[in-house]
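The values are calculated or read from the model by the stated rules, or taken from the named source; none is laboratory data. Computed from a prediction, not measured in an experiment: that's the story for all the values here. Glycine also receives a Cβ, built like all others from the backbone with ideal geometry; neighbour counts cover every protein chain displayed. Ligands, DNA and RNA are excluded from the accessible area calculation, which covers all protein heavy atoms including side chains. Shrake-Rupley method; radii C 1.70, N 1.55, O 1.52, S 1.80 Å.
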Amino acid sequence: MEASPALVLAVSGGPDSMALMHLARRWTTLASRQAATITVATVDHGLRPESAEEATFVKAHARALGFEHVTLAWSGEKPSAGLQAAARRARYALLTAQARVNGASLLTAHTRDDQAETLIMRLSRGSGVDGLSAIAAVSGRDGVRLVRPLLGFSKTRLTAYLRARHVPFVRDPSNENTAFERVRLRLAMKALANAGVSKAALALSAARLGRSRAALEEAADRFLDGFFRVSPLAHGEIDREAFDALPDEIALRVLARVLPLVGGRAEPPRMMRLERLLENLTSRNSEATLGGSLVIAAAGRLSFYREPGRMKPEPLFLEPRVAVLWDRRFLVSAPTAAACEGQVRPLGEPGWTAWRRERKQLGLSAETNRLAALATPALWRVDKLLAAPVISGEGHASAVPSVTAKLAPPLARFLTRLPNTTSSALGKDTPIPYL
C-alpha cells in the first residue's frame, strides 16, 4: 500500500470542510493510500458556546473515517474590533503551526463561492491584479504549502454530496450575521446574480487574473535577478536607468519585493504607499522611508538601506553552533560557549564610533558604508562592543572574533560586492574580507 503525503485538513464541521474530509477519505480508499498520514485539525475560536461541542463533533467523524484529530484552541483576549480578521489570522497561525509539526501540507475547503466573494470584497477596496486574482489553488503561508482542492466546486454541489450520503454538518450562525463584511457582500451578490453576474463568472475572472499576476511576478523576478544587487552588509542597489524604464506595474512589484527584504519585514507595504513612493522615485532625486527601509534615489542608482531608527529587534542570546535568524536578514552564530557572551543588538552609532576608533588605532582604514553598517548585528556586553562580525575585516581586535553573521537566504540570493564597500587599507577597490 502506497503511503500518502502528510496532510493536515482544516475542518470546522461546516458543509465545505466536512466534504473535504469525506473526499479525502474517498481519495485514500480509491488510491489505496494509507490514511495514517492525514490529520484533521479543528480550530476552536472560543467565540460561541457551541464551538467546543462542534470540535467534538468533528473529532468523532474524523476518527470514524480513520483519521487522527486535533483541536487547536485560540486562547487569550479577543479584540472588540476586527474580530473576523483577527480570528482568521489566529486560525491560520494555529493550522500552519500544526502542519509544520506534522511536516505536512495544509488543505482548506475554500470553494468557488469563496473565490467569488473574495473578488467582490477586494473590488470594493480598489484592489489591483493581485487582490482581484483572489485565492490561489496552491500557495505558501508561514513556511507551509497551502492547498485548496475545492476551488472548482460550488457550495451547493458540496452540500448535495453530503446530503446524498447522509453526512451531517454544522452551521455557524456568524455566517448570517450582517455585522460582518463578508456576510453583507454575500447578500449583495444575490442582486448581482439576478443581474446575470454569477459566482461562476466571478471565479473565472479571478482565475484569469491569477494568470496575469503570475506573468507579472515572473517579469519582476527576471528584473531582480538582472539588476538588484545586495552587499554583505545587506544594503541593496538597483540600476536607476533600468528601474526608470520599467512599466509602473512591474516597478511596484520590484519595490514590494525589495522593501521587505532590506527592511526586515514579513509583508510589503500597502499599495497606496508603494504608489506614492514610486512617484517620488521616478520624478526626482530623493530620500524616502517605507517598510523599515531607507530609499535613496540618486543619479545612476537606487539604494536601499535598513532604516536604523526603526530597528527594534529583541536582544538575541546565542547558543554554541546554532545559527539564529536576526532581524529577518542575518544568520548569526558562534562556535563556542565563550563566544556567546553578551547579546546581539544593532551596531548603531555607538558601535560604529567604537569600531572606527579601534580600526584607526590599529592603523587600518575604517572605510565602509556607514548607513548599511549601522543596521548590522553586533555582539554587546552591556555597553561594550565585543564583535561586529559583518563589518570587521582581518586585523580587527575584537574580543570575540569568532562570532559570524551572514545574509539569510532570501537576501543571499542577490549577494554581490557593491563598489562602495571597499577598504583602501587593502588596496583600492579591494573588497573587505568579511568574516
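Can you tell me what percent of all Cα-Cα pairs in region 1-104 are more than 17 Å apart? The proportion of pairs with Cα distances above 17 Å equals 53 percent.
Given Cβ point charges of +1 (Lys, Arg) and -1 (Asp, Glu) and nothing else, what value in debye, to the nearest 20, does the dipole of the chain about its Cα centre take? Display every interim value, and only then the final one.
On the way: 59 positive and 41 negative charges, 140 e Å.
Once rounded to the nearest 20, the dipole reads 680 debye.
Relative to the compact-globule estimate of 2.2 N^0.38 Å, the Cα radius of gyration of region 169-304 comes out at 1.44. In this label model, Ala214 and Ser80 are separated by 4.6 nm, measuring between points 7 Å along each Cα→Cβ vector.
Under a model in which nothing but the beta-carbon of Lys, Arg (+1) and Asp, Glu (-1) is charged, region 223-316 shows a dipole of about 300 debye around its Cα centre. Measuring nothing but protein heavy atoms, the accessible surface of region 94-216 at 1.4 Å probe radius is 55 percent carbon and sulfur. Compute the long axis of helix 112-123 from its Cα atoms, compare it with the longest principal axis of the Cα atoms of the chain, and write down the angle in degrees, 0 to 90, nearest 10. The angle comes out at about 50 degrees. Calculated on C-alpha atoms, the gyration radius of the chain divided by its Kirkwood radius gives an Rg/Rh of 1.05.
Which of Thr108, Gly131, Gly196 sits farthest toward the positive end of the charge dipole of region 104-196, with +1 on the Cβ of Lys and Arg and -1 on the Cβ of Asp and Glu? Of Thr108, Gly131, Gly196, it is Gly196. Using heavy atoms of the protein chains and a probe of 1.4 Å, the accessible area assigned to Ser124 is about 80 Å². If you take all other residues with their beta carbon under 13 Å from the beta carbon of Ala206, and give Lys and Arg +1 and Asp and Glu -1, the sum is +3. To the nearest 10, the accessible area of Glu279 is 120 Å² with a 1.4 Å probe. If R0 is 25 Å, the Cβ-Cβ spacing of Ala60 and Val147 corresponds to a FRET efficiency of close to 0.50.
Taking a temperature of 10 °C and a viscosity of 1.306 mPa s, what whole-number D in µm²/s does Stokes-Einstein yield for region 205-280 with Rh from Kirkwood over alpha carbon pairs?
It diffuses with D of about 120 µm²/s by this estimate.
The Rg/Rh ratio for region 251-397, using Cα coordinates for both the radius of gyration and the Kirkwood hydrodynamic radius, is 1.03. Farthest toward the positive end of the dipole of region 241-377, out of Leu274, Thr353, Gly292, is the Cα of Thr353, where the dipole comes from beta carbon charges about the Cα centre. What's the FRET efficiency of Thr289 with Arg381 using the Cβ-Cβ distance as r and R₀ = 35 Å, to the nearest 0.05? Calculated transfer efficiency: 0.65.
Its Cα centre serving as origin, region 96-197 has a Cβ charge dipole (Lys and Arg +1, Asp and Glu -1) of approximately 240 debye.
A 1.4 Å probe run over the chain, with the rest of the protein chains in place, finds 50 Å² accessible per residue.
Once the Cα gyration tensor of region 41-191 is found, what semi-axes does its equivalent ellipsoid get, as square roots of 5 times the eigenvalues, in whole Å, sorted largest first?
After diagonalising the Cα gyration tensor, the semi-axes are 24, 20, 19 Å.
GNM remark for the chain: springs join alpha carbons under 10 Å apart, and the peak mean-square fluctuation among Val332, Val295, Val167 falls on Val167.
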